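Just below is one structure, and these are the notes that go with it.
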Amino acid sequence: MNFSLKRKTSNIIMLISAFIIVSLILWNTNSFFRQFKEEERLKMEIWATAQLELIQSSVDQELGNLTLKVLGNNTSTPMILVNEEGSYKTHNISEDKMADSLYILKKITQFKSENEPIQIIQEEELLETLYYGNSEVLNRLKYYPLALLLIIFLFGAVIFFFFRTNKASEQNKLWAGMAKETAHQIGTPLTSLLGWNELLKSEDINPEVTREIAKDIDRLETITERFSKIGSVPELREHDIVAETKLAYEYLKQRSSKLVHFSFSSNVDKAFVLMNPPLYNWSIENLVKNGIDAMKGKGNIAIQIEKKGQNINIMVSDTGHGITKSDFQNIFNPGVTSKQRGWGLGLSLVKRIVEEYHKGKIKVFSSSKEGTIMQISLRELEI
């Protein structure tokens, strides 16, 4: 509990710190932008003063070097000079656009929105109006915060996905280790049970009892094998999926409540696929048990095998309460369950076995208040 609280507090502190850092960067950039804009305004006012001197000078008068230098050195700020008659001159604007009056009007409107025009006045008479836009450097600086935020966002996303993947990998290793340790722990009492069953066979006991015990011992061996395969790549071999599905079906039928009615059908006698029987049977059992839980231990369970093209579809249906359409994908996520004491790992495990190990597909084929049909699709081998 304390660890969880400390971790939560640490995350909040990191989030607040990141927000403060980003806010400071944006504030500093905005301040720098405004300062640069003011300096550019001052530069344009000096340019306008030099332009006034040019207007006031006579043809024979020689202009000073400072005036010429001010007028000639500004090569970055786009400008449009409009006199009292409506004629205009452009500076730092593409030559092929200079004759386009419509383009010039649009530019004047744009420049007015970016900066307040400067009026060139002589003895209270308006001679020219200077419209100027932001320089290329200022425009780049304007979009710098957005680029910076995008970089920070991408960097944060990379870190988030790295830690998320790393955490998921650690959890997978933990579950795999626990599963293998469980298989190891089951092995010792299982060996003892085999010995005790052999001893019972030598006694005057109903053979049916020892046969059923042997079946349950075989079952425990299968469960042990399943747990030992978690975390490693299972070996896939050619098997008849109809026979393997029927084997799992018969086992569950014998050990389920009499209130559950089982049915099995297939439109093919045999169909061979690459599979790992213990893991595949585990998937069928999980689907059937979920169906029984959804029916609250009473109803109909049907397993149907259909061959469609190159696919073998295994349909497991129940007459339970159904699944809402919005949960069709969510139910395969770890931890999602409708049971009060469930872990929410059953369907997640089934999805992993079917899709990651057997390269097949599993989905909710249909669901309503009358029941649910789950479908597993595997590729048939060409023989």
Determine whether the stretch 95-102 contains at least one residue that is out of contact with any helix residue (DSSP H, G or I) (no Cβ under 8 Å at 6 or more places or on another chain), open to solvent by less than 60 Å² (accessible area, probe 1.4 Å) and more than 29 Å from A147 (Cβ to Cβ). no
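L52: free of Cβ contacts under 8 Å to residues at least 24 places away in the same chain and under 26 Å from L138 (Cβ atoms), yes or no?
Considered against the rule, which asks whether it is free of Cβ contacts under 8 Å to residues at least 24 places away in the same chain and under 26 Å from L138 (Cβ atoms), L52 comes out as no.
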Filter the stretch 103-112 down to residues that are out of contact with any Gly (no Cβ under 9 Å at 6 or more places or on another chain) and of a type outside the set (A, V, I, L, M) and give me whichever is most open to solvent (accessible area, probe 1.4 Å). K106
Any chance S135 is over 30 Å from F111 (Cβ atoms), open to solvent by less than 60 Å² (accessible area, probe 1.4 Å) and either touching a Pro at 6+ places or on another chain (Cβ under 9 Å) or at pLDDT below 70 (or both): no
Among the residues of the stretch 33-49, write down those that are surrounded by 11 or more Cβ atoms within 10 Å (Cβ to Cβ), at pLDDT 80 or above and not acidic (D, E). F36, K37, R41, K43, M44, I46, W47, A48, T49
Residues K307, K298, K289, K270: which one is touching a strand residue (DSSP E or B) at 6+ places or on another chain (Cβ under 6 Å) and either within 25 Å of I217 (Cα to Cα) or modelled with pLDDT of 90 or more (or both)? K270
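The values are calculated or read from the model by the stated rules, or taken from the named source; none is laboratory data. Remember, predicted model here, so these are calculated numbers, not experimental data. So basically every Cβ, Gly included, is an ideal-geometry build from the backbone, and we count neighbours across all protein chains shown. Quick note on the areas: whole protein, heavy atoms, side chains included, nothing else; ligands and nucleic acids left out. Shrake-Rupley method; radii C 1.70, N 1.55, O 1.52, S 1.80 Å.
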